[in-house]
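> I'd like to ask you about the structure that follows.
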Amino acid sequence: MSELVGCEPLSAEGTGDAAAIGALVLHGFTGCPQSMRPLALELSGAGYTVEMPLLPGHGTTVDDMITTGWGDWTGAAEAAYASLAARCDKVVVAGLSMGGALTAWLGTRHQEIAGLVCINPIVDVGQDLVDLAAQMLDAGTDRIDAVGGDIADPESEEQAYSATPLGPLLSLAEGVAALRDDLANVTSPLLLLNSPQDHLVPPASSDLLAGAVSGPVERVSLERSYHVATIDYDAPLIAGRTLSFVAQVTAS
């Protein structure tokens, strides 16, 4: 049974003409759908058909996540995308942090995606962190302190794990390293929103993504928010720009 409040996935059929447009929403590493729920509800409220899965190993306990990795998360993202694409005329994908990396990964494989929305995406895990994590894992330590909760708004809190599993972290690092080699295959329009004051994923990660893709890029700076910007001060800005972008890229 799920143990984190708000970790439940969301599946909402659309209404009216907008129902033919699907929106896949993806959360971040060690987090859960709670961090993306406001954006998912905005998309659903606009009539779009929305899928927001709980990624494997997330939303319960760190022990459940220890055995999962990049292949599990990309597999879940691919399955959710296939489900939406089978019943919608057009699909957009939006993701935060690792969810942003998964969004870009889907973009490398599916040029037919109408639009991609990446929020503080992680497409590079620093080598120093990778080396340290590998050393600690070899020494018998399988987790470190939590990475979640980087939010400027003191009234907001992310529901995320209280520790970071090192094996999955290394798998994430390997996954995004391979992803970087394929980013030129991304031709779908990209809305890229990032926080200059992100204490988890350096803004340079967004710069790397913007410079590597082949499609058009629209950038938005989230000046008032930290990493988990979707539940921070800039949440309304993210929702507004995302809805405008989706309407634009899915227009007939």
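Read-outs throughout are calculated quantities, based only on the coordinates presented, and are distinct from any laboratory measurement. Here the structure is a predicted model, which means the values were calculated and not measured. For neighbour counting, all protein chains shown are included, and Cβ atoms are generated from backbone atoms with ideal geometry for every residue, glycine included.
> Using a cut-off of under 13 Å, list every residue of segment 50-75 whose amide N is near the label point 7 Å from the Cα of Leu129 along the Cα-to-beta-carbon line.
Correct set: none at all.
> When Ser252, Ser205, Ser225, Ser156 are ordered from fewest to most other Cβ atoms inside 10 Å of their Cβ, what list results?
So the residues, fewest neighbours to most, are Ser252, Ser156, Ser205, Ser225.
> Right, here's the next one. In a Gaussian network model over the chain where Cα atoms closer than 10 Å are linked, find which of Ala160, Ala77, Ala204 has the largest mean-square fluctuation.
Per the Cα network of the chain with a 10 Å cutoff, Ala204 tops the list.
> Taking loop as defined by DSSP and a crowding limit of 15 other beta carbons within 10 Å, which trypsin sites (Lys or Arg not before Pro) in segment 87-131 fit?
none
> Using C-alpha positions alone, give me the convex hull volume of segment 56-118 per residue in cubic angstrom.
It is 82 Å³ per residue.
> May I ask you to sort Arg241, Arg219 by Cβ crowding, counting other Cβ atoms within 10 Å and putting the fewest first?
Arg219, Arg241
> Continuing with this model, one more query. Which are the unpartnered cysteines of the chain, meaning those with no other cysteine Cβ under 4.7 Å from their Cβ?
Cys88, Cys118
> What percent of all Cα-Cα pairs in segment 1-149 falls in each 5 Å bin, counting up from 0?
2, 9, 18, 22, 19, 13, 8, 4, 3, 1, 0, 0
> Now for a different question. How far apart, in nm, are two points set 7 Å out from the Cα along the Cα-to-Cβ line at Leu41 and at Asp181?
Output for this residue pair reads 4.3 nm.
> On to the next question. Give me, ordered by chain and number, the residues 5 or more places off Val117 or on other chains with an amide H under 5 Å from its own placed amide H.
The answer is Val93, Ala94, Gly95, Leu191.
> Using Cβ counts within 10 Å as a stand-in for footprinting exposure, how do Trp70, Trp105 rank, fewest first? Show your work: numbers first, answer last.
On the way: Trp70 22, Trp105 26.
Least crowded to most crowded, the residues run Trp70, Trp105.
> Please work out which option in [x] 143; [y] 110; [z] 119 gives volume of the Cα convex hull per residue in Å³ calculated from these coordinates, and answer with its label.
For volume of the Cα convex hull per residue in Å³, the calculated option is [y].
> Sticking with this one: Using 1/(1 + (r/R0)^6) with R0 = 30 angstrom and r between the beta carbons of Glu174 and Ala85, what's the FRET efficiency to the nearest 0.05?
Calculated value: 0.65.
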